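Step one of this worksheet: look at the structure below.
Bear in mind that the values in this text are calculations on the coordinates, not laboratory data. Only a predicted model underlies this, so the values are computations on that prediction, with no experimental measurement involved. Cβ placement follows ideal geometry from the backbone for every residue including glycine, while neighbour counts extend to all protein chains displayed.
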């Protein structure tokens, strides 16, 4: 049950982050889940290390969405920089 809960929560966090972040991301279902899981993992590690909250608290969900938005913004900037440097063939 733990892995299913992780996937569902990752999807919800990823969808919320994509909804909040302006612009269009061409991310599929699996990338959205990965985004949410990565945001949740990083927010949990940072928040618990600093001592802001413990596992299972509501603040962790909010922090997960915020970190997922930050990941999405960084990904968008990286993707935009790669689009500008690509070589187009005639």
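What ranking do 30-43, 10-23 get when scored by the average of other Cβ atoms within 10 Å per residue, highest first?
Taking the mean over residues of other Cβ atoms within 10 Å, the ranking is 30-43, 10-23.
If contacts are Cα pairs under 8 angstrom and at least 6 residues apart, what is the relative contact order of the chain in percent?
This gives 31 percent for the chain.
Rg(Cα) of the chain divided by 2.2 N^0.38 Å?
Taking the Cα Rg and dividing by 2.2 N^0.38 Å, one obtains 1.23.
Working from Cα positions, state the angle (0 to 90°, nearest 10) between the long axis of helix 2-20 and the longest principal axis of the chain.
Helix 2-20 sits at roughly 50 degrees to that axis.
Note the angle between two axes, namely the Cα long axis of helix 58-85 and the longest principal axis of the Cα atoms of the chain, as a number of degrees from 0 to 90, rounded to the nearest 10.
The angle comes out near 10 degrees.
Once both axes come from the Cα atoms, what is the angle between helix 29-50 and the longest principal axis of the chain, in degrees from 0 to 90, rounded to 10?
50
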